[in-house]
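**Student:** Handing you this structure, nothing more for now.
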Amino acid sequence: MGASLGDIIKIGQKLEVTVWLSDGADEEELVFPSYVKDWDPQQDLALIDPAPARQDQIIRAFLQPGAVVGMVADSPQGRAILYPALHRYQEGRLQGYWLKISNETQREIIQRRRHARVATMIPIQAELLDSQTHLPKSAAIRGKTHDLSGGGVRFASPQPFGKGYELRLRLALQSGDITLIGRVVYQAVNPNRFATSDDRYITAVEFLELTPTQERLLVNECFRRELESKNRENRR
């Protein structure tokens, strides 16, 4: 997770919380502001209190055991993305939700969010790899993504790539460039009648042999861009 939780989580800290009701393609989600009401560093537990309180019944319907939760917290190191698990709901004066924030919950929820796809346009470079040497055998082709997930990407480019071929991909994420290996699972002519010579072909690629760090960066990127899209919609 980079910085320690103690550097990120502070009592009184403002948060932006997202809860996904399911892991399917048509999943429901709820986004709400919150803040850290209490913090137990010994057990990596944070007590959050949703605001405004009038949403409490809606939030409680989403925040059930096993819920998939994403949380954005501003820290001195920058915006931190965390994936806690619901520990329990607390009644009384310190009413709120205790969330467990640990390396285990990060790994579990990143796995559960791995195939959640988000429409986004990111610069991408693709190089065709030799099947024997696994070295590039063509110059890099530049394109733009159509959508991205922690498990794959769909992008438009001026040249086609055959199904089954392996590619070396370079994606310009907000957190920095990332280089990945993937296999083409789908190739077609762009059906958009306004497509130009620069985006004539659509290629879908599944990522191969991702490291835990790469997987986390991809899932974080999708989550971050989801929030940005929702915030833009809310400002309209």
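**Student:** If you take the residues of region 196-219 that are hydroxyl-bearing (Ser, Thr, Tyr) and part of a strand (DSSP E or B), which of them is nearest to Gln125 (Cα to Cα)?
**Tutor:** Within region 196-219, the match that is nearest to Gln125 (Cα to Cα) is Thr203.
**Student:** Quick check on Glu215: is it crowded, with 18+ Cβ neighbours inside 10 Å and closer than 30 Å to Asp74 by Cβ?
**Tutor:** For Glu215, the condition - crowded, with 18+ Cβ neighbours inside 10 Å and closer than 30 Å to Asp74 by Cβ - is met.
**Student:** On to the next question. State whether one or more residues within region 105-123 are touching a helix residue (DSSP H, G or I) at 6+ places or on another chain (Cβ under 9 Å), over 30 Å from Ala204 (Cβ atoms) and either in contact (Cβ under 8 Å) with a residue 60 or more places away in the chain or surrounded by fewer than 18 Cβ atoms within 10 Å (Cβ to Cβ) (or both).
**Tutor:** No, region 105-123 has no match at all.
**Student:** If you take the residues in region 56-96 that are among the polar types (S, T, N, Q) and assigned to a strand (DSSP E or B), which one is farthest from Val219 (Cα to Cα)?
**Tutor:** Gln90
**Student:** Moving to a separate point now. Given the conditions (1) touching a strand residue (DSSP E or B) at 6+ places or on another chain (Cβ under 9 Å); (2) modelled with pLDDT of 90 or more, and given that Gly176 satisfies all but one, which numbered condition is not satisfied?
**Tutor:** The number of the failed condition is (1).
**Student:** Under 9 Å by Cβ, and 6 or more places apart or on different chains, what pairs join a residue from region 59-83 that is closer than 11 Å to Thr105 by Cα and touching a residue at least 12 places away in the same chain (Cβ under 8 Å) with one that is of a type in the set (S, T, N, Q) and part of a loop (DSSP other than H, G, I, E, B)?
**Tutor:** Cβ pairs passing all conditions: Val68/Ser22.
**Student:** I need the full set of residues from region 124-155 which are assigned to a loop (DSSP other than H, G, I, E, B) and more than 15 Å from Tyr201 (Cβ to Cβ), in order please.
**Tutor:** Asp130, Ser131, Gln132, Thr133, His134, Leu135, Lys137, Ala139, Ala140, Ser149, Gly150, Gly151
**Student:** From Arg232, Arg183, Arg168, grab the single residue that is within 26 Å of Trp20 (Cβ to Cβ) and either over 15 Å from the mean Cα position of the chain (by Cα) or of a type in the set (Gly, Ala, Ser) (or both).
**Tutor:** Arg232
**Student:** Which number in (1) among the acidic types (Asp, Glu); (2) assigned to a strand (DSSP E or B); (3) closer than 30 Å to Pro65 by Cβ marks the one condition that Asp177 misses?
**Tutor:** (3)
**Student:** Please tell me if Leu99 is in a loop (DSSP other than H, G, I, E, B) and over 28 Å from Asn190 (Cα atoms).
**Tutor:** So Leu99 fails the test.
**Student:** Now a separate question. Which condition number does Ser175 fail, the rest of (1) among the hydroxyl-bearing types (Ser, Thr, Tyr); (2) farther than 18 Å from Glu221 by Cα; (3) in contact (Cβ under 8 Å) with a residue 40 or more places away in the chain being met?
**Tutor:** Tallying (1) among the hydroxyl-bearing types (Ser, Thr, Tyr); (2) farther than 18 Å from Glu221 by Cα; (3) in contact (Cβ under 8 Å) with a residue 40 or more places away in the chain, Ser175 fails exactly one: (2).
The values are calculated or read from the model by the stated rules, or taken from the named source; none is laboratory data. Since this is a predicted model, take the numbers as computed values, not measurements. So basically every Cβ, Gly included, is an ideal-geometry build from the backbone, and we count neighbours across all protein chains shown.
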